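Just so you know, all these numbers are worked out from the coordinates, no wet-lab data involved. Quick caveat, the model's predicted, so the values are computed rather than measured. Here the Cβ is made from the backbone with ideal geometry for all residues, glycine too, and neighbour counts use every protein chain on show.
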Amino acid sequence: MFAFFKDIYNNRRLILDLAWTDFKARYAGSFLGIFWAFINPLVTISVYWFVFDIGLKAGRTDGGYPFIIYLITGIIAWFFVGDTVVNATNCFREYSYLVKKVVFNIRILPTVKLVSNLFTHLFFILLAIAVCALYGYYPTLHLIQIFYFLGGLILLLTGVTWLTSSIQPFLPDTLQFINVALQVLMWMTPILYSPSVFSPTVQFLLKINPLYYIVEGYRQSFLSNGWIINHWRQGIYFWIATVFLLWLGAKTYNSLSQHFSDVL
């Protein structure tokens, strides 16, 4: 596992260059180009806001926050998760020509996809700050926590994508399974609803999802309604889950990578 991080650090410049190239290439040939990376999430946010807050009048949130604030401070983390997992899972097949080059360190490819999606995510973090300020929730010292939660999310996604990208060359249906799993996982994460609407038992089950900690942490940072230490038990669980996924992802890659060139 530590060898993976050493490779990422040693190739950090190459990763940034490849990530920027990947980000631009994803929308190459379209009239609006990279603007589609921002248009699609903005439309999604608008639809959820209109349906749940305006249409269904179901926008009840803890703390009495406007629903659009509650929504955007949680869903931006989910956009990063969904895009990264989907794109990184297919990275070895997409870059099969690099996999077959002995001199290229393919272990960095999932990280390339992660950083490529990070560009968009940083924009939406700034957008969330602006929208919160528009509603009177100005940044405070709590906002510094966003670096901690973003770092935790990056490490969690690193472990997940090491695992899924290593399996995908041998099981082409992996991406379809991932898409279904992401739909379920989204509704198990408190993005469109407040956890308090459920019983304590259901709330406990929801907290098994590591993304619960991240989404709630993002809201604490933007809305200045809590510190990391206030949820230290959930934090310990999150880091245990993250380290386990990093270990499992690294072990899976080391076991399967020698056969990539045979199946791609």
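Using every pair of separate Cα atoms, the Kirkwood estimate puts the hydrodynamic radius of the range 163-206 at 12.4 angstrom. Could you please state, rounded to a whole Å, how far the C-alpha centre of the range 137-169 is from the C-alpha centre of the range 204-246? Each part reduced to its Cα centre gives a spacing of 11 Å. Across q = 0.20, 0.32, 0.34 Å⁻¹, the range 184-226 modelled as identical point scatterers on its alpha-carbon atoms has Debye log10 I(q)/I(0) values of -0.61, -1.21, -1.24, in the order of the q list.
For the chain, the equivalent ellipsoid built from the Cα gyration tensor has semi-axes of 33, 21, 18 Å, listed from largest to smallest.
Note on residue 251: aspartates and glutamates with a C-alpha under 20 Å away, same-chain residues under 8 apart excluded, are 7, 262.
Between the listed residues 5, 221, 209, the Cα displaced farthest toward the positive end of the dipole of the chain, a dipole computed from Cβ unit charges relative to the Cα centre, is found at 5.
Fraction of C-alpha pairs exceeding 18 angstrom in the range 209-264: 52 percent, rounded to a whole number.
Taking every alpha-carbon pair under 8 Å whose residues sit at least 6 apart, the chain reaches a relative contact order of 27 percent.
Taking all C-alpha pairs of the range 137-180, those more than 15 Å from each other amount to 60 percent. Between 0 and 90 degrees, the angle of helix 210-223 with respect to the longest Cα principal axis of the chain falls at about 50 degrees.
Relative to its Kirkwood radius, the Cα radius of gyration of the range 1-149 gives an Rg/Rh of 1.05. Taking 38, 177, 23 as the candidate residues, the one with maximal mean-square fluctuation in a Gaussian network model of the chain, Cα springs under 10 Å, is 177. Report summary: the helix-based calculation at 222 nm, which adds -39500 (n - 2.57) for every DSSP H run with n ≥ 4 and divides by the residues of the chain, gives -22000 deg cm²/dmol. Based on C-alpha pairs under 8 angstrom that are at least 6 apart in sequence, the range 119-264 has a relative contact order of 43 percent.
Helix 109-134 and the longest principal axis of the C-alpha atoms of the chain enclose an angle of approximately 20°. Stokes-Einstein D for the range 82-202 at 20 °C, 1.002 mPa s, Kirkwood Rh over Cα pairs, in µm²/s? Approximately 127 µm²/s, per Stokes-Einstein. Calculated on the alpha-carbon coordinates, the convex hull of the range 51-132 measures out at 106 cubic angstrom per residue.
Rounded to the nearest 10 degrees, the inclination of helix 12-25 to the longest alpha-carbon principal axis of the chain is 70 degrees.
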